[in-house]
1. Only one of these conditions is not met by R577: (1) surrounded by 22 or more Cβ atoms within 10 Å (Cβ to Cβ); (2) among the basic types (K, R); (3) in a loop (DSSP other than H, G, I, E, B). Which number is it?
2. Taking E649 and the conditions (1) at pLDDT below 95; (2) over 27 Å from L437 (Cα atoms), which numbered condition does it fall short on, given that it satisfies the others?
3. Suppose the filter is acidic (D, E), more than 18 Å from N112 (Cβ to Cβ) and open to solvent by 40 Å² or more (accessible area, probe 1.4 Å); does D192 pass it?
4. Can we say M361 is touching a helix residue (DSSP H, G or I) at 6+ places or on another chain (Cβ under 7 Å), over 14 Å from F239 (Cα atoms) and in a helix (DSSP H, G or I)?
5. Report every pair of residues separated by at least 6 positions or lying on different chains whose Cβ atoms are under 9 Å apart, first residue within the stretch 267-279 and in contact (Cβ under 8 Å) with a residue 12 or more places away in the chain, second of a type in the set (K, R) and open to solvent by less than 70 Å² (accessible area, probe 1.4 Å).
6. Can you tell me which residue in the stretch 509-539 is farthest from I451 (Cα to Cα), limited to those that are within 25 Å of the chain's Cα centre (by Cα) and part of a strand (DSSP E or B)?
7. Residue by residue through the stretch 440-481, note down the ones that are assigned to a helix (DSSP H, G or I), open to solvent by less than 10 Å² (accessible area, probe 1.4 Å) and touching a Phe, Trp or Tyr at 6+ places or on another chain (Cβ under 8 Å).
8. Is it the case, given these coordinates, that S418 is small (G, A, S), free of Cβ contacts under 8 Å to residues at least 24 places away in the same chain and out of contact with any Ser or Thr (no Cβ under 7 Å at 6 or more places or on another chain)?
Amino acid sequence: MDILEAYFEILSHFPGYERRKVQETMVGGVWDAFDNKRSLVVEAGTGSGKSFGYLIPAILQSSRPIVISTGTIALQEQLLFKDLPFLGESPGLRDLVENGEITVKLVKGRRNYVCIQKMLELERELEATSPQMRYLDFMKAELDGGWDGDRGNLDFAVAPDIWEEIQSDSDDCLGRRCRFYQENPYRLAREDLAKADIIIANHALYLQDLVAGQSLLPAHDVVIFDEAHNLKRYALNAFTGRIGKFATTKLLQKIRRRLKAVPEEYMVRLSQSEARVLHWLFQRFSSHSRGSFRLVPDPQFLEAVGIHVEILKEIHQWLTGINVNQLQLIESKLEADKLSVQKDKLMQQLEGLMTRWEFFMYEDPFAHDRVNWVEMDREKLYFELKSTPLNIAEMLGNSLWPEKTAILASATLAVNGSLDFCKLDLGLTDKADDLILESPFDYSRQCTLYIPDNMPDPNSFQFVIATAEQVEAILYRTDGRAFVLFTSGENMRRVADALIPRLPYPCKVQGELPRNRLIEWFKNEPNSVLFATATFWEGIDIPGESLSCVIMDKIPFSPPDDPVNQATIEYLKAQGRDWFADYVLPQATLRMKQGFGRLIRTHTDHGLVAILDPRIRTKGYGRRILRSLPDVRVIHDLDDYVLENLPEEAVY
């Protein structure tokens, strides 16, 4: 098949179709990757039409199903409800596809579905007058009325504590031995999913599937990662081992509920050992009420963890010795088989818990190339231990890329005109081709970059004062209509507190409303100003005059107190690598590109980007970051930015 002929045949049926060379190049590159069964990393600048650039080759290639994984719900919705239906209307596409149609399904995680068995078990435990019974009665009635068991398809919100008890979970699933196997909502959803040509997933679920041995998604040979700049973050999260304060307690409660009560001796000893861990954490981090911290073990901590693991091993031995045929209340062979399966599942969960605890038994802070850290909340007496791999590139290089033909696409993957950092970071160095496609937007005409002179040291208090002065001056120049983006919540609050009382524009600060509601408020409120931090640097699409200015206070380096960031830097130093050039600077560059990319979303957008950090001019690395940004007009005096001098369509 000549892919470009097919591409033209599909799009030429739409009125107003115009050729887009950048998109054509991407279509050809993706098709070649499919044809050669070789992965491809693509940076496709904003406005290049990257979704059509991979969707058309994906629809026409022969491997089925194909998985498209995204980083945001917004992009999932765009693919499901806009892009794919639009392409499906083309007679040219129907002529090229066998049977004339493409089946598309959205995949959801297992825990979005109810487990009927667990729901009935909970019902038996509750009093008839319990308020929780109301939820169960509603859901049983909905199931009788045809509800598919998907939590998102209910007309009412189920309380989180109730749903946690009844959600489908592989740890508890009895499979074919469950008497509700035939009507199992998750199983039926999986069967439906297996019939799809294209499966829409998200990065979190896809990486969870990888960790679970690829048991969540149907077998597939081809995967497309859109918004691939976030793939590493999701991979780190998926491969992180976690132990919450109540992890052991919940498992023992499950053993009691499914089989029999755990001997009191074990319960007392586990409670004591957990208290020792909690005491050590609060003593070690006594000056902090909450936060995330590196774990550097000492003999006291190692002893507490060791005792905890030994008790878990004793419980495992006790559980192994339970003969389910001798348990009370067994009424049939079927019941005994069910208990046998449940016992096996519980033992697997106990073994997994012991494995996670064993991550914390080593004196070497880089044992098994991992970093151990903790999130804690002193007020709630809560902690969660976490162990994160430091070499995710090797893990992905061994477990994902050899098995799949993968397309990784994003508007921000290149650093200094190269995709080497992205490929190295994800373990794709020798396993993928690359392609960089420029945005079709005329940034030199549509955008001005303001870098003020004489800003103070960004780590000084004077910088906060100067930032407030600059932000105020800029907002008056652009008549509001701005995102003011900060690298820290503290500076955001200081500047917002100083400016909001005297600004004549509607203002909100991140945290006042949920993220989606803040975005809707900004779009609908004329001349509005939003003060925000990390999550608003990317993934937001506000075309038109509502957003005419993006202000960034500092170069977005990773927080120096982030435990994984700290450990990664130490790890790279120990290997003799240039930790700043190889790790810190490329990450900051990509975040800066993301922040910059909030402004120009269409060919008719115009506006101002401001970077207030003086290091962007005075440091060599700052100038390297600038070289990775679009080629725009740069000014150092706000008087040089005059709306009246912009093209006519940009004057609001």
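The values are calculated or read from the model by the stated rules, or taken from the named source; none is laboratory data. Everything numeric in this text was worked out from a predicted model, so none of it was measured. Positions of Cβ are generated from backbone atoms using ideal geometry, with glycine treated the same way; all protein chains shown enter the neighbour counts. Areas reflect the complete protein model, heavy atoms only, side chains present, ligands, DNA and RNA absent. Shrake-Rupley method; radii C 1.70, N 1.55, O 1.52, S 1.80 Å.
1. (1)
2. Condition (2) is where E649 drops out.
3. no
4. No; evaluated as a whole, the condition is false for this residue.
5. Taking only residues 6 or more apart or on different chains, the pairs are E274/K245; V277/K245; L278/K245.
6. The selected residue is V509.
7. If the condition is that a residue be assigned to a helix (DSSP H, G or I), open to solvent by less than 10 Å² (accessible area, probe 1.4 Å) and touching a Phe, Trp or Tyr at 6+ places or on another chain (Cβ under 8 Å), then I474, L475 are the ones that fit.
8. yes
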